[in-house]
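Data first, discussion second: the structure below is written as structure tokens.
What follows is calculated from the coordinates using simple rules that are stated; it is not laboratory data. All values derive from a computational prediction rather than experimental measurement. In this analysis, Cβ positions are derived from the backbone assuming ideal geometry, glycine residues included, and neighbour counts consider all displayed protein chains.
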Amino acid sequence: MATKARRVLIAVDTSEASRYAVSWSLDHILRKDDHIVVVSICWVPHLFSVGYFGFPKWWAETMEEVRTNAEKFLSELRVMALEKGFTINTETKSGDPREEIIQYAEDVDAEFIIVGAHGQSHEGVLEDEHGKTTTTVLKKLTTGSISNHIMQHASVPVMVVRKVYKETPEIQGADLLAPTN
């Protein structure tokens, strides 16, 4: 029995978490006949929405740089998808990603949304030697959790893809022995 093509929205920023979410979804969840739209929301937090404390020109230049980076990232994702045998449509939008992603999912009539975890940007995110990330309090106060907001407010199912780091023990059993003298 043939399956019906699904309308899927994948929301990304320009992080490795987003790249991983797209790659993993293409490898494990999505089907070749799905209609896949990947959207990147260009955003500078509301704290800076009047410009960098009164410098609108700098803010506009920053937004243009964010959009350019997003378009380059989406281009790389299109190439990756083609290499895996998929065709994806991409788009950049501006605004608060928490609201824009939910609205865009409704606009394209998505049946479900895929987002990456811990992707929003590298500012305020600390990474250890294993690639694990910790979000700082300032980042949580200024941005909140985008994926959490989407999960709580979207009218369709949401899948959050988080890269799982498998730890390899650096200390073997014999290494635990200590001198007795």
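Figures for the structure shown
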| item | result |
| --- | --- |
| Segment MET151-ARG7, length gained on full extension (0.36 nm per residue, minus Cα span) | 50.1 nm |
| SER94-VAL164 FRET efficiency (beta carbon distance; Förster radius 35 Å; 0.05 resolution) | 0.65 |
| ³J(HN,Hα) computed for each position of the range 68-73 - Karplus, 6.51 cos²θ - 1.76 cosθ + 1.60, integer Hz, glycine/proline x | 4, 5, 5, 5, 5, 4 |
| When each of LYS4/LYS84; LYS4/LYS72; LYS93/LYS163; LYS57/LYS93 is checked by Cα-Cα distance, pairs over 23 Å | LYS4/LYS72; LYS93/LYS163 |
